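Asks: My structure is below; once you've seen it, I'll send some questions.
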Amino acid sequence: MHPLIETADRLFMTTYSRFPAVITEGAGCRLRDAEGREFLDFLSGIAVTNLGHAHPRVTAAVKAQAERLLHVSNLFYTGPQTRLAELLVAHSFADRVFFANSGAEANEAAIKLARISAGEGRYEIISLAGSFHGRTLATVAATGQPKFHQGFEPLPTGFVHVPFGDLAALEQAIGPQTCGVLVEPLQGEGGVRPLDPNYLAAIRQLCDQHGLALIFDEVQVGMGRTGTLFAYQQLDVEPDIMTLAKALGNGLPIGAALARERFAAAFTPGTHASTFGGNPVACAAGVAVMETLLEPGFLAAVRQRGEYLAAGLRRVAGRHPAVAEA
């Protein structure tokens, strides 16, 4: 065993069951460990390194920004933060952006925004069974998987879970205290389950009918992973609020909550904030990621390769009767 592993196992809280490999470098889709072994990185840092390790454009942007300015308070304006916000707004439904450091923080911001914009007495968020929205107490409460709740009860109140794909149950759950519906257009941790477009369209209609915020959690499925910049862009449905993280920085910690003006206007100075959210270096990485994804033909190539991989996996599955749709 590598001595670093023994030291790490002695020092860290055991929140991960780690593989016995000390990773020292990465390039593209390959990782190398301290023993010189190479691995194909199918984890991608858990849906983070969409552009691969040590992507030259991202690396250059991070290096250049780190040499100029690592951090400054959000009481000031910075170029990378503003440029990234411009790109996100220009290529989405949104009017405004809030930057955070992770997907959980982005979802926390979305929950707070849905509540404060709805007004007093409206605070309940409806989410789906099988969903995953983060590890903070509020986002754990929003997550529709009991295994993530165990040991942390009592959880914050104001969250209701309904069965996946059951429109009648969702409609029945809407009450005078409801302020929003939080869904992943394609559930990730819950089993890679896409929501039916007609189901999402019906949720959109219910939100409009009842004055609710429709929140799309695209922390895992956004940033080109489905072949479009954002997963919702393959649907005839737009959210009011959308959250991003993971691949937005291709390895630099960053999260974002995007919103329409009607909802975004509810945040005023003092209602919400983040010390490190919108960090210049993380945003410089985000700009490089966005500019790369938006290059002509890039996302079309993602779709083409996705179709190739899917076809190959279907052939493999066809040879193994035990593999079936859930």
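Asks: Just to be sure before I move on: is residue 240 under 22 Å from residue 277 (Cβ atoms) and among the acidic types (Asp, Glu) in the structure I sent?
Replies: Here the answer is yes, as residue 240 does meet what is asked.
Asks: I'd like to know if segment 262-274 contains one or more residues that are assigned to a strand (DSSP E or B) and either out of contact with any Cys (no Cβ under 8 Å at 6 or more places or on another chain) or more than 24 Å from residue 44 (Cα to Cα) (or both).
Replies: no
Asks: So which residues in segment 233-263 are surrounded by fewer than 23 Cβ atoms within 10 Å (Cβ to Cβ) and not charged (D, E, K, R), if there are any at all?
Replies: Correct list: 233, 234, 235, 237, 252, 253.
Asks: Could I ask something else about it? Regarding residue 126, is this residue modelled with pLDDT of 95 or more, farther than 28 Å from residue 276 by Cβ and buried (at least 16 other Cβ atoms within 10 Å of the Cβ)?
Replies: For residue 126, the condition - modelled with pLDDT of 95 or more, farther than 28 Å from residue 276 by Cβ and buried (at least 16 other Cβ atoms within 10 Å of the Cβ) - is met.
Asks: Just to be sure, is residue 282 assigned to a loop (DSSP other than H, G, I, E, B) and among the hydrophobic types (A, V, I, L, M, F, W, C)?
Replies: So residue 282 does not fit the description; no.
Asks: Now for a separate question. Among the residues of segment 301-326 satisfying the criterion of being closer than 14 Å to residue 227 by Cβ and in contact (Cβ under 8 Å) with a residue 60 or more places away in the chain, which is surrounded by the most Cβ atoms within 10 Å (Cβ to Cβ)?
Replies: Within segment 301-326, the match that is surrounded by the most Cβ atoms within 10 Å (Cβ to Cβ) is 302.
Asks: A further question follows. Which one of these does residue 268 not meet: (1) closer than 24 Å to residue 73 by Cα; (2) touching a residue at least 40 places away in the same chain (Cβ under 8 Å)?
Replies: (2)
Asks: Moving on. Given the condition closer than 24 Å to residue 194 by Cβ, modelled with pLDDT of 95 or more and not acidic (Asp, Glu), answer yes or no: does some residue in segment 264-277 qualify?
Replies: There is no residue in segment 264-277 that is closer than 24 Å to residue 194 by Cβ, modelled with pLDDT of 95 or more and not acidic (Asp, Glu).
Asks: Determine, yes or no, whether residue 181 is under 22 Å from the mean Cα position of the chain (by Cα), modelled with pLDDT of 95 or more and farther than 24 Å from residue 286 by Cα.
Replies: yes
Asks: Considering only residues of segment 136-181 that are in a loop (DSSP other than H, G, I, E, B) and of a type in the set (Gly, Ala, Ser), which is surrounded by the most Cβ atoms within 10 Å (Cβ to Cβ)?
Replies: Among those residues, the one meeting the criterion is 158.
Asks: Same structure, new question: Right, residue 254: farther than 26 Å from residue 118 by Cα, of a type in the set (Val, Ile, Thr) and touching a Gly at 6+ places or on another chain (Cβ under 8 Å) or not?
Replies: Yes.
Asks: Is one or more of the residues making up segment 27-46 on the phi > 0 side of the Ramachandran plot and of a type in the set (A, V, I, L, M)?
Replies: Yes: segment 27-46 contains one or more residues that are on the phi > 0 side of the Ramachandran plot and of a type in the set (A, V, I, L, M).
Asks: Of all residues in segment 202-257, count the ones that are within 10 Å of the chain's Cα centre (by Cα), part of a helix (DSSP H, G or I) and farther than 19 Å from residue 140 by Cα.
Replies: Qualifying residue count for the region: 2.
Asks: Continuing with the same structure: Given the options 22, 58, name the one that is surrounded by 13 or more Cβ atoms within 10 Å (Cβ to Cβ), out of contact with any Gly (no Cβ under 9 Å at 6 or more places or on another chain) and among the β-branched types (Val, Ile, Thr).
Replies: Matching residue, one of 22, 58: 22.
Asks: While we're looking at this one, here's another question. Among strands (runs of 3 or more DSSP E) lying entirely in segment 5-95, which contain 3 or more residues that are within 21 Å of residue 289 (Cβ to Cβ) and either of a type in the set (A, V, I, L, M, F, W, C) or free of Cβ contacts under 8 Å to residues at least 60 places away in the same chain (or both)?
Replies: 23-27
Asks: Which pairs turn up if I take residues in segment 108-127 that are more than 14 Å from residue 210 (Cα to Cα) and look for partners that are acidic (Asp, Glu) and at pLDDT 95 or above with beta carbon separation below 8 Å, at least 6 apart in sequence or on another chain?
Replies: From residues that are more than 14 Å from residue 210 (Cα to Cα), the pairs are 110/217.
Asks: Every residue in segment 182-201 that is outside any loop (DSSP other than H, G, I, E, B) and not hydrophobic (A, V, I, L, M, F, W, C), please.
Replies: The answer is 187, 193, 194, 197, 198, 199.
The values are calculated or read from the model by the stated rules, or taken from the named source; none is laboratory data. Computed from a prediction, not measured in an experiment: that's the story for all the values here. Note that each Cβ is placed from the backbone with ideal geometry, even for glycine, and that neighbours are counted across all protein chains shown.
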